[in-house]
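Undergrad: One structure, as structure tokens, below. Some questions next.
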Ligand code: ADP
């Protein structure tokens, strides 16, 4: 049997892998036959035995054959029993096939196992998960949605539990303690975003070690890895909260002008197209159209590519070819000037392919007449230098002018940015395609699944721009507390592996970015699906009519049809057309995973017609009903080619599971986006030209090839975009790792005081560097004065100027740090050790969190800024890296300063705080300029330490309009005190800090 599998195999590295696996598969099966003689208890005892052997040094690789054999044999023993899966009884009837053993080995070796739909990936994962869980570390499996996490953990849990392992599953909205319990199990199922958010909360927000829920980032198998690492990769996970300070966004103010500009362009292009059409319609077969007409077509292609007249003209292969040629001519270096002047006839140009929209000079002049500099950022650094050199200015006046220049800069850059985003919103984002407006909100539609992505927002102000365009209320931009991209989350795992039906097309990306190799695992039974050639139509309408005819005929025969569509809109249009043709059908409006899975699982029944967006119901197996096999199995009719081949292959893979018969066919029209943007060149246009004269659809293997080429171009482009995003994110990722490392150490440290004192000492030393320009020399009086001022406001105790002037640098460092140490130590009289330890830890955590959150905002702004700067011919990524590095240095400095400043600002109660202040002043035997008045009146109470004082004491000290951060468990909120007060008093929330007075 194994040899026959080998023969089916194509690629050489796949073959090599398989050849290596073959003897191990044999061994597993031999062991499994042996194990059949064991009693249940003897077999179960193997788990403990393996754990011990591993603990004593035996490698997982060495244990693999026995471990896999045990899992396989347990599966055999369970046949005939029932598992309870999502409240249903499900009969267990699976024993691992040989190819599944191979798949398991691939996963254990950190590979991506490409296995067709229906090959039983769920069962495959049990093998490596069992093996790796023998280490005692938490092993994880990522599913595409919550429902599958629950279903698979319960289904496979039947097997794991029998073997003596524990299994947990993470669900959305699950409270912290349940999460912790689930991660505490040997094996944990859950979705990528739940895992990612838990990571962010654990490392960026938890205030005590026992609030952290995750254990290890050891071994993780990602199911449908392409969907998670490629499709989802563009939107990062973000934990955010409302911004405290606000500036009016520029969008409402600029919406009207940009809308007006858009309107002008529509009129311009329509006029040009009417003129061009007039000439082209009259032109004889053997005559060339004028250059002017070609220019006009070119202008439409670049100014308003979806203009109706233009699209209609482009249906004619002759014009399309001429425009292509013209495009080629204009793109050449010699014609640069002409191209430039032509472009200047437009207000802006649109590139759908690159997803860009650019203002021309004409556009700029129209938006800001008479202000040629409105779109140039003021040169801030030169202005600073100029002001600094101007001797005639007083100190105050200089500061004023500096602020003025900064405000002007901020305003200009905000306006430029807002106009750019508004232009994109108008030119590239279509309502009901990329987004819908629902209950007064703009919601993103996932381009792959057609689902609404609840709660997600486009970043960088684009979402607000679209909101302004649609005239709905602008939602506030949130401040980011923590963020990570899915890619970077998964790169943390020591061992990462994946499964999918389709990875081959993205194999090189997986290799480049994640160092993951793809191996195609052969199917258990040969696949006998028939893939028909694509049929190409001239218009969408013709295509749909053909689809309806095809579906109705299959339905009449009783053959079930799965109709794939690219968007929600298309699925509804088809639904209406089918209803008119009186063909009963179901539409998958994928909102509820469970219902969705149910509908899809029925799609193989006699006469069923199911319309689904491409990805809907993924992960659910379509079994054929009685008598369907004889009719040729499930028929997949895809009504559009997706941008990327992978999604198409997935759709095809929905039929012909496990050796079932099945058939698939793709229908394409020249009006489809893919064809319009990427494929209307070369072979296709010349072939179409000939056939379309008779108005007939076209079918030829060549066409499949050219469409494939077009898809490859899109894939390449998407890859570049994702890689770029990752390059930017890598910079942030390094910083995140440093900060989270620091934070975790602070969180888990037994003794934070030492850490704080070291930081304080460093800070004091750094400040004294200025006071003592020569370390062995005398202090500079003015600098010493500044130091005294800083010391007093930071630590609320005095240090005398004379003390400094009379000492060396080393002596001052000692004196100053000793005072701080002594004051902190004196608090032991008034605070319990637990409380003090908690307060000290919080000083660090707060300094870290506040600065890190600011850093995230700064980096976002920076990124926006460098993209504006790319006009200046610099590589934005390098600029970004350099600036990011500087920003991080500033962050570390500020962290030090804030740690010192936070030390004597919190206490467990007002009384403790007041006594601390009294001691601070008493110790210095003088009243410094900073009395208790400079102290924030925040009292913090540790979560678990005994509460030394009732909260009531805190209440009157906070102003009603002060904004405070409160928390309960993992949740935090920033509220005005008048709202927060009741929560603190009655509902167990506690105040973390005062954000503004
Ligand atoms: P995939 O995720 O690869 O598409 P699933 O894990 O959903 O596939 O499994 C598809 C179907 O195949 C399930 O109904 C499962 O019961 C069945 N199956 C998987 N492995 C076996 C096996 N070794 N023996 C019998 N049936 C199996």
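The values are calculated or read from the model by the stated rules, or taken from the named source; none is laboratory data. Since the structure is predicted, the reported quantities are computational estimates derived from the model, not experimental observations. Here Cβ is always computed from backbone atoms with ideal geometry, including for glycine, and neighbour counts include all displayed protein chains.
Undergrad: When the range 442-462 is examined, which residues are found to be part of a loop (DSSP other than H, G, I, E, B), over 15 Å from the mean Cα position of the chain (by Cα) and modelled with pLDDT of 70 or more?
TA: Selection gives 461 alone.
Undergrad: I've got another one for you. Return yes or no: is residue 66 out of contact with any strand residue (DSSP E or B) (no Cβ under 6 Å at 6 or more places or on another chain), assigned to a helix (DSSP H, G or I) and either in contact (Cβ under 8 Å) with a residue 40 or more places away in the chain or under 15 Å from residue 162 (Cβ atoms) (or both)?
TA: no
Undergrad: So, of the residues in the range 72-94 that are within 13 Å of the ligand (Cβ to nearest atom) and under 11 Å from residue 154 (Cα atoms), which turns out to be surrounded by the fewest Cβ atoms within 10 Å (Cβ to Cβ)?
TA: Result: 90.
Undergrad: Sticking with this structure for a sec: State yes or no: is residue 177 under 30 Å from residue 850 (Cβ atoms), without any contact (Cβ under 8 Å) to a residue 24 or more places away in the chain, more than 24 Å from the chain's Cα centre (by Cα) and part of a helix (DSSP H, G or I)?
TA: yes
Undergrad: Here is a follow-up. Go through the range 110-145 and give me each residue that's in a loop (DSSP other than H, G, I, E, B) and either within 15 Å of the ligand (Cβ to nearest atom) or out of contact with any helix residue (DSSP H, G or I) (no Cβ under 8 Å at 6 or more places or on another chain) (or both).
TA: Matches in the range 110-145: 110, 115, 116, 117, 118, 119, 120, 125, 137, 144, 145.
Undergrad: For residue 63, only one of the following conditions fails: (1) surrounded by fewer than 21 Cβ atoms within 10 Å (Cβ to Cβ); (2) over 35 Å from the mean Cα position of the chain (by Cα); (3) within 16 Å of the ligand (Cβ to nearest atom). What is its number?
TA: Unmet for residue 63, out of (1) surrounded by fewer than 21 Cβ atoms within 10 Å (Cβ to Cβ); (2) over 35 Å from the mean Cα position of the chain (by Cα); (3) within 16 Å of the ligand (Cβ to nearest atom): (3).
Undergrad: Same structure again: Can you name the residue in the range 500-519 that is under 16 Å from residue 113 (Cβ atoms) and more than 20 Å from the chain's Cα centre (by Cα) and is also nearest to the ligand (Cβ to nearest atom) among such residues?
TA: 501
Undergrad: Between a residue in the range 118-129 that is closer than 18 Å to residue 525 by Cα and at pLDDT 90 or above and any residue that is more than 8 Å from the ligand (Cβ to nearest atom) and not in a helix (DSSP H, G or I), which pairs come within a Cβ distance under 8 Å, given they are 6 or more apart or on different chains?
TA: 121/113; 124/113
Undergrad: Check whether at least one residue in the range 367-379 is in a helix (DSSP H, G or I), in contact with a strand residue (DSSP E or B) (Cβ under 7 Å, 6 or more places away or on another chain) and surrounded by 17 or more Cβ atoms within 10 Å (Cβ to Cβ), and report yes or no.
TA: Looking through the range 367-379, none of the residues is in a helix (DSSP H, G or I), in contact with a strand residue (DSSP E or B) (Cβ under 7 Å, 6 or more places away or on another chain) and surrounded by 17 or more Cβ atoms within 10 Å (Cβ to Cβ).
Undergrad: Now for a different question. Residue check, residue 302 against (1) more than 21 Å from residue 713 (Cβ to Cβ); (2) buried (at least 19 other Cβ atoms within 10 Å of the Cβ); (3) modelled with pLDDT of 90 or more, all met but one. Which one?
TA: Result: residue 302 passes all but (1).
Undergrad: Something else about it: Would you say residue 198 is within 19 Å of residue 145 (Cα to Cα) and surrounded by 20 or more Cβ atoms within 10 Å (Cβ to Cβ)?
TA: Taking the combined requirement at face value, the residue satisfies it.
Undergrad: Restricting to the range 470-499, and then to whatever is in a loop (DSSP other than H, G, I, E, B) and within 18 Å of the chain's Cα centre (by Cα), can you tell me which residue is surrounded by the most Cβ atoms within 10 Å (Cβ to Cβ)?
TA: Of everything passing the filter in the range 470-499, 485 is surrounded by the most Cβ atoms within 10 Å (Cβ to Cβ).
Undergrad: Based on this model, can you work out whether residue 148 counts as at pLDDT below 90 and in a helix (DSSP H, G or I)?
TA: yes
Undergrad: Being at pLDDT below 90, surrounded by 14 or more Cβ atoms within 10 Å (Cβ to Cβ) and part of a helix (DSSP H, G or I) narrows it down to one of 807, 798, 850, so name that one.
TA: Only one candidate passes the filter, namely 850.
Undergrad: Within the range 771-785, does at least one residue satisfy the condition of being touching a residue at least 60 places away in the same chain (Cβ under 8 Å), under 23 Å from residue 920 (Cα atoms) and touching a helix residue (DSSP H, G or I) at 6+ places or on another chain (Cβ under 7 Å)?
TA: No, that holds for no residue.
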